[in-house]
Amino acid sequence: MVERRVNVGWAEGLHARPASIFVRAATAAGVPMTIAKADGNPVNAASMLAVLGLGAQGGEEIVLASEAEGAEAALDRLAKLVAEGLEELPETV
């Protein structure tokens, strides 16, 4: 299991637009992964409803995890996206 712990960089947290950006990036990564609050249960990172259901706030720590081969690079990219609170998908998601 590979995981990355990161603080949510979007001031509004993972809600609406930021959640949509995150879910598209997680889907484009091509490896199954989960997202969870630091003390919570993991949910599918490619599910908009699941990500919104986390209620992750700005500055709160989340955990991205995957057991898939090649997950290290994908998790690094997603962790950077979340930490920096990017407003659009980087070209190399």
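The values are calculated or read from the model by the stated rules, or taken from the named source; none is laboratory data. Fair warning: this is a prediction, and the values are worked out from it, not measured in the lab. Accessible surface is based on the protein model in full, side chains and every heavy atom, while ligands, DNA and RNA are left aside. Shrake-Rupley method; radii C 1.70, N 1.55, O 1.52, S 1.80 Å.
Values of log10 I(q)/I(0) for the chain across q = 0.10, 0.17, 0.23 Å⁻¹ run -0.19, -0.58, -1.16, by the Debye formula with one identical scatterer at each alpha carbon and no solvent.
Solvent exposure of Arg5, expressed as accessible area, is near 130 Å², computed with a probe of 1.4 Å over the protein chains only. Phi angles of the range 53-67 translate, via the Karplus equation with coefficients 6.51, -1.76, 1.60 and θ = phi - 60°, into HN-Hα couplings of x, 5, x, 5, 9, x, x, 6, 7, 10, 10, 9, 8, 7, 9 Hz per residue; Gly and Pro are given as x. Across the range 2-84, the relative contact order, built from alpha-carbon pairs under 8 Å that are at least six residues apart, equals 47 percent.
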